[in-house]
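Trainee: Sharing a structure with you now.
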Amino acid sequence: MYTTVIGKKFLEAYNKRENSNYTAKDFFQEVFISFFYDHPKYLMTGGNSPLENPKIGWKKGKYPSKEERIERIRKTVEKIENSPADASIAIGFPSLDLSATTSAQITNLLIEFNKNDIYLSWIGSGLGIGVSGGLILLFDNPEILLQTFDGWKYYRSYLNDKTYEKLRGNQITTWNGQWLSHLNSEDYIKENPLMGYTEKAMQTNKSGEMEFVTQKWVRIIIALTNIIREKNILAYIYNLSQTNTTIGFIPFNIYSILKPIQLYKKLFGENNYLKDAKKIESLYGTAFGFAVACQRGQIGIQALEPKGLREYMTNNRNNKKSKLPNYKNADEEQIINYNTYITWVIAMLDNEKLWELAGEVADNLIAFVKSDERATSTKRTNAVKQVLEVKSKKQFLEELIPIIEKVDDRNPFVELGNEVNKMVSDNFPYFHTLIRFRYAEKNNQNN
């Protein structure tokens, strides 16, 4: 039913931009149908409507003829005009069998729907943005909706191009995500919108068909920050398939999402970020699925956790022995990974000064080992190792004591102890991870 709200929001924005006066029915028949269903390959499945029922043999390479399409479109409009609103003619509405897995957005509220609402539900559904994990996002931001619409013609041109004869249809939401991330990237060229884009966005599936790859939610949201002016933006998140899934309304905290990226530019250079942006952005948000991230109630810094970081944290979820970062002979990709991990950790701490403090701690630990005049630093190395392998704030402070007892200048370690003692317990694992990375980095430089 929310697809109707989105369809209405879009149509108002479209009429304003184009100085037109389309009704929902007129737009559906004159614009929407021409893009989506008046061609051999559809942009979006027709569901259980006459557009696709009786079923079309897509998998066997069968497509409806011009005459068949005209008849299917006619029957769909006729059913919309003369039947009650249900899932067979209104996208996102409950089916007549309310217990069916394909029924969606069921309510016991007595809501009256007119025919325009049904047409709007189709339009709104075509504006959904597919993300990795099989979920679809709907934003009520007019600029996002208009940009999404502007991409429809390109997906249609691909499907009609004989060069892409094996490209499958019914991928409009996947295409929308790809298009929005491309349109708002530095690769986009207004005079030649699809230049150098196709090969990056397509793949050949196991059936030998070409298809668009579903874009990661992080890449889409980062791209959309070019037009999102709010600090928070709501998305309705769902999936309509053999079993319908409704996540609901989830806020995206734009400031939080951008924070690690801003830190990366500040710490490691804006040029380095721009050069490696696609790799960096592909790492954020990969530690767990998007659906799991939504369970937190909002999408922010935590949802951006990069996959692989937990292996370097002593309190990792799997309770496995953590790895100390190894900067020796590190290739460029490894450095990008490490820098991405570090910026996310600092963003979680929300305190850039801790980056410098972690560096000072690393320097002091290295100096502690090297200052052994007897040239037998094994015990000191083990003492540092103990500090780097603790799992709690309490253990960390305890392991500092043997070091403090052996140094002439105790002030740096006393100050460190005071800082850790004041630190919120939940923040310590992140700070400790920073120390481990900085120690590995500086130790490599000193060897």
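Trainee: Out of everything in the range 393-441 that is part of a loop (DSSP other than H, G, I, E, B) and open to solvent by 40 Å² or more (accessible area, probe 1.4 Å), what residue ends up being farthest from ARG380 (Cα to Cα)? Show your work before the answer.
Mentor: Residues of the range 393-441 that are part of a loop (DSSP other than H, G, I, E, B), as a first pass: 405-410, 423-424.
Now narrow it down to the ones that are open to solvent by 40 Å² or more (accessible area, probe 1.4 Å): 405-406, 408-410, 424.
Details: GLU405: 12, LYS406: 9, ASP408: 14, ASP409: 16, ARG410: 15, VAL424: 29 Å.
Filtering the range 393-441 for residues that are part of a loop (DSSP other than H, G, I, E, B) and open to solvent by 40 Å² or more (accessible area, probe 1.4 Å), the one farthest from ARG380 (Cα to Cα) comes out as VAL424.
Trainee: Another question about this same structure. Condition (residue is in contact with a Gly (Cβ under 6 Å, 6 or more places away or on another chain) and open to solvent by less than 50 Å² (accessible area, probe 1.4 Å)) applied to the range 201-209: is it met by at least one residue? So that I can check it myself, show each step before the final result.
Mentor: Taking the range 201-209 and keeping what is in contact with a Gly (Cβ under 6 Å, 6 or more places away or on another chain), we get none.
Within the range 201-209, none of the residues are in contact with a Gly (Cβ under 6 Å, 6 or more places away or on another chain) and open to solvent by less than 50 Å² (accessible area, probe 1.4 Å).
Trainee: On the given criteria, is ALA358 open to solvent by less than 50 Å² (accessible area, probe 1.4 Å), aliphatic (A, V, I, L, M) and either in contact (Cβ under 8 Å) with a residue 40 or more places away in the chain or not in a helix (DSSP H, G or I) (or both)?
Mentor: Yes, satisfied.
Trainee: Please determine, by comparing only the residues of the range 1-52 that are small (Gly, Ala, Ser) and assigned to a helix (DSSP H, G or I), which one is most open to solvent (accessible area, probe 1.4 Å).
Mentor: Looking only at the range 1-52, we keep the residues that are small (Gly, Ala, Ser), and these are 7, 13, 20, 24, 34, 46-47, 49.
Filter once more, keeping what is assigned to a helix (DSSP H, G or I): 7, 13, 24, 34.
Working: GLY7: 0, ALA13: 18, ALA24: 6, SER34: 48 Å².
For the range 1-52, the residue satisfying everything is SER34.
Trainee: Further question: Starting from residues that are surrounded by fewer than 16 Cβ atoms within 10 Å (Cβ to Cβ) and of a type in the set (S, T, N, Q), keep the ones in the range 255-281 and report whichever is farthest from THR340 (Cα to Cα).
Mentor: ASN271
Trainee: Taking ILE280 as meeting all but one of (1) part of a loop (DSSP other than H, G, I, E, B); (2) more than 16 Å from HIS432 (Cβ to Cβ); (3) in contact with a Ser or Thr (Cβ under 6 Å, 6 or more places away or on another chain), write down the number of the exception.
Mentor: (1)
Trainee: Of these, TYR155, TYR197, which one is free of Cβ contacts under 8 Å to residues at least 24 places away in the same chain and either within 29 Å of TYR236 (Cβ to Cβ) or among the aromatic types (Phe, Trp, Tyr) (or both)?
Mentor: Values: TYR155 fails: free of Cβ contacts under 8 Å to residues at least 24 places away in the same chain.
Of the residues listed, the single one that is free of Cβ contacts under 8 Å to residues at least 24 places away in the same chain and either within 29 Å of TYR236 (Cβ to Cβ) or among the aromatic types (Phe, Trp, Tyr) (or both) is TYR197.
For every residue, the table says whether it meets (1) at pLDDT 90 or above; (2) within 28 Å of GLY124 (Cα to Cα).
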{"site": "THR204", "(1), (2)": "yes, no"}
{"site": "TYR238", "(1), (2)": "yes, yes"}
{"site": "THR245", "(1), (2)": "no, yes"}
{"site": "PHE249", "(1), (2)": "yes, yes"}
{"site": "LYS265", "(1), (2)": "yes, no"}
{"site": "ASN272", "(1), (2)": "yes, no"}
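Trainee: Residues of the range 160-180 being surrounded by fewer than 21 Cβ atoms within 10 Å (Cβ to Cβ) and in a helix (DSSP H, G or I), which ones?
Mentor: Within the range 160-180, ASN160, LYS162, THR163, TYR164 qualify.
Trainee: Quick check on this structure: which one of GLU12, GLU18 is of a type outside the set (Phe, Trp, Tyr), modelled with pLDDT of 95 or more and within 31 Å of the chain's Cα centre (by Cα)?
Mentor: Working: GLU18 fails: within 31 Å of the chain's Cα centre (by Cα).
Within the list GLU12, GLU18, the selection yields GLU12.
Trainee: Follow-up. Look through the range 271-316, keep the residues that are of a type in the set (Ser, Thr, Tyr) and under 20 Å from ASP426 (Cα atoms), and return whichever of them is farthest from the chain's Cα centre (by Cα).
Mentor: To start, the set of residues in the range 271-316 that are of a type in the set (Ser, Thr, Tyr) comprises 273, 282, 284, 286, 312, 314.
Add one more test, that the residue is under 20 Å from ASP426 (Cα atoms), and what stays is 312, 314.
Numbers: TYR312: 23, THR314: 27 Å.
Looking at the filtered set, the residue picked out is THR314.
Trainee: Among the residues of the range 37-64, write down those that are under 24 Å from ASN176 (Cα atoms), out of contact with any strand residue (DSSP E or B) (no Cβ under 9 Å at 6 or more places or on another chain) and among the charged types (D, E, K, R).
Mentor: If the condition is that a residue be under 24 Å from ASN176 (Cα atoms), out of contact with any strand residue (DSSP E or B) (no Cβ under 9 Å at 6 or more places or on another chain) and among the charged types (D, E, K, R), then ASP38, GLU52, LYS59 are the ones that fit.
Trainee: OK, next. Examine the range 181-198 for a residue that is assigned to a helix (DSSP H, G or I), modelled with pLDDT of 90 or more and open to solvent by 30 Å² or more (accessible area, probe 1.4 Å), and state whether such a residue exists.
Mentor: Restricting attention to the range 181-198, the residues satisfying the condition of being assigned to a helix (DSSP H, G or I) are 181-183, 198.
From the residues that got through so far, the ones that are modelled with pLDDT of 90 or more too are 181-183.
With open to solvent by 30 Å² or more (accessible area, probe 1.4 Å) added as a condition, the list becomes 183.
Yes, some residue in the range 181-198 is assigned to a helix (DSSP H, G or I), modelled with pLDDT of 90 or more and open to solvent by 30 Å² or more (accessible area, probe 1.4 Å).
Trainee: Another one. Under 6 Å between Cβ atoms, which residue pairs at least 6 apart in sequence (or on different chains) link something in the range 113-137 that is closer than 21 Å to GLY177 by Cα with a partner that is among the aromatic types (Phe, Trp, Tyr) and in a strand (DSSP E or B)?
Mentor: Pairs found: ILE136/TYR238.
Trainee: Mind checking which residues of the range 1-33 are polar (S, T, N, Q) and in contact with a helix residue (DSSP H, G or I) (Cβ under 9 Å, 6 or more places away or on another chain)? Break it down stepwise before answering.
Mentor: From the range 1-33, those polar (S, T, N, Q) are 3-4, 15, 19-21, 23, 29; that's our starting set.
The answer is THR3, THR4, ASN15, SER20, ASN21, THR23, GLN29.
Trainee: Also, quick follow-up: Which of the residues that make up the range 129-159 are hydroxyl-bearing (Ser, Thr, Tyr) and open to solvent by less than 30 Å² (accessible area, probe 1.4 Å)? Spell out how you get there, then give the answer.
Mentor: The initial filter retains those residues of the range 129-159 that are hydroxyl-bearing (Ser, Thr, Tyr), namely 132, 148, 154-155, 157-158.
Selection gives THR148, TYR155, TYR158.
Trainee: If you don't mind, another one. Can you name every residue in the range 295-313 that is open to solvent by 10 Å² or more (accessible area, probe 1.4 Å), more than 13 Å from PRO260 (Cβ to Cβ) and touching a residue at least 24 places away in the same chain (Cβ under 8 Å)? Can you show your working first?
Mentor: At the first step, the residues of the range 295-313 found to be open to solvent by 10 Å² or more (accessible area, probe 1.4 Å) are 295-298, 301-302, 307-308, 310-312.
Okay, now just the ones that are also more than 13 Å from PRO260 (Cβ to Cβ), so 295-298, 307-308, 310-312.
Of everything in the range 295-313, those that are open to solvent by 10 Å² or more (accessible area, probe 1.4 Å), more than 13 Å from PRO260 (Cβ to Cβ) and touching a residue at least 24 places away in the same chain (Cβ under 8 Å) turn out to be GLY297, GLN298, LYS307, GLY308, TYR312.
Trainee: Pairs needed: first member in the range 328-351, more than 16 Å from ILE257 (Cα to Cα) and in contact (Cβ under 8 Å) with a residue 24 or more places away in the chain; second member anywhere, open to solvent by less than 30 Å² (accessible area, probe 1.4 Å) and in a loop (DSSP other than H, G, I, E, B); C-beta distance under 7 Å; at least 6 residues apart or different chains.
Mentor: Short answer, once both residue conditions are applied: ASN337/GLY308; TYR338/PRO325.
Trainee: Got a sec? Which of LYS75, LYS60, LYS66, LYS79 is modelled with pLDDT under 80, open to solvent by 10 Å² or more (accessible area, probe 1.4 Å), farther than 26 Å from ALA235 by Cα and of a type in the set (Lys, Arg)?
Mentor: Values: LYS75 fails: modelled with pLDDT under 80; LYS66 fails: modelled with pLDDT under 80; LYS79 fails: modelled with pLDDT under 80.
Only one candidate qualifies: LYS60.
The values are calculated or read from the model by the stated rules, or taken from the named source; none is laboratory data. Keep in mind the model is a prediction, meaning the values are calculated, not measured. FYI the Cβ positions are ideal-geometry reconstructions off the backbone, even for glycines, and counts take in every protein chain you see. Note: areas computed on protein heavy atoms with side chains; ligands, DNA, RNA excluded. Shrake-Rupley method; radii C 1.70, N 1.55, O 1.52, S 1.80 Å.
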